[in-house]
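J.: After the structure tokens below, expect a handful of questions from me.
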Amino acid sequence: MARTNDSEFSRVRILVRDFPTSWRFYRDVLGLTPVKGHGEGPYGEFLTGRRAILSLFDRKQMEAAIGAPVDHPKKGHVPSVAVVFEVPSVNRTARHLRGLRVPVVQGPTDRPSWGLRTLHLLDPDGNLIEIYSPLKARR
């Protein structure tokens, strides 16, 4: 592999068990813009912001491609990776998600040591999603 400074980060790919449900979650609940695929799988991409790509890929297809099982988050355990989104208002996003009956794991919560206000939830596969806004400087 090339040295790190010779590579460019491309995307985050989330391996999912139920592609259509996950596709609808990222499109309809989180409001991401589909740029590749139409929700039928096994692969699709979303644009997040101006350039970042978040892709979904059917877990069974990845297992077949690498010839080994791919572990998924276990209920009651914190996953080892979080997908993080910055939003203008965590409170407004929390109200929107609750209106859609999306269960929130934690928040909104001020985290002064992080400089953030955060909201945490799980996607349909149990992957951790963090939504944050920078905390305003207090005068």
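The values are calculated or read from the model by the stated rules, or taken from the named source; none is laboratory data. Given the structure is predicted, the values throughout are model-derived calculations rather than measurements. Because the Cβ atoms are built from the backbone with ideal geometry, glycine has one as well, and the counts that use them run over all protein chains shown.
J.: Hey, any hits in segment 86-108 for a residue that's of a type in the set (Ser, Thr, Tyr) and at pLDDT below 90? Full working, then the answer.
T.: So in segment 86-108, the residues of a type in the set (Ser, Thr, Tyr) come out as 89, 93.
Right, trim to at pLDDT below 90 and you get none.
Checking segment 86-108: not a single residue is of a type in the set (Ser, Thr, Tyr) and at pLDDT below 90.
J.: Shifting gears a bit: Exactly one of (1) within 24 Å of Gln106 (Cβ to Cβ); (2) at pLDDT below 85; (3) out of contact with any strand residue (DSSP E or B) (no Cβ under 9 Å at 6 or more places or on another chain) is unmet by Met1. Its number?
T.: All conditions are met except number (1).
Rundown of residues vs (1) in a strand (DSSP E or B); (2) in contact with an Asp or Glu (Cβ under 8 Å, 6 or more places away or on another chain), yes/no style:
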site	(1), (2)
Leu47	yes, no
Arg50	no, no
Val70	no, yes
Arg98	no, no
Arg101	no, no
Ser113	no, no
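J.: Same structure again: If I ask for residues that are part of a helix (DSSP H, G or I) and aliphatic (A, V, I, L, M), which ones from segment 18-35 would you list?
T.: First, pick out the residues of segment 18-35 that are part of a helix (DSSP H, G or I): 19-29.
Listed by number, the list holds a single entry, Val29.
J.: Follow-up question, since we're still on this one. Looking only at residues that are surrounded by 10 or more Cβ atoms within 10 Å (Cβ to Cβ) and over 16 Å from Pro124 (Cβ atoms) in segment 50-63, which one is modelled with the lowest pLDDT? Step through it out loud before you land on a result.
T.: In the first step, residues of segment 50-63 are kept if they are surrounded by 10 or more Cβ atoms within 10 Å (Cβ to Cβ); the result is 52-63.
Within this subset, residues satisfying the condition of being over 16 Å from Pro124 (Cβ atoms) are 52-53, 61-63.
Values: Ala52: 76, Ile53: 86, Gln61: 86, Met62: 82, Glu63: 83.
The qualifying residue modelled with the lowest pLDDT is Ala52.
J.: So Asp125 fits all but one of (1) in contact (Cβ under 8 Å) with a residue 60 or more places away in the chain; (2) surrounded by fewer than 17 Cβ atoms within 10 Å (Cβ to Cβ); what number is the exception?
T.: Asp125 satisfies every listed condition except (2).
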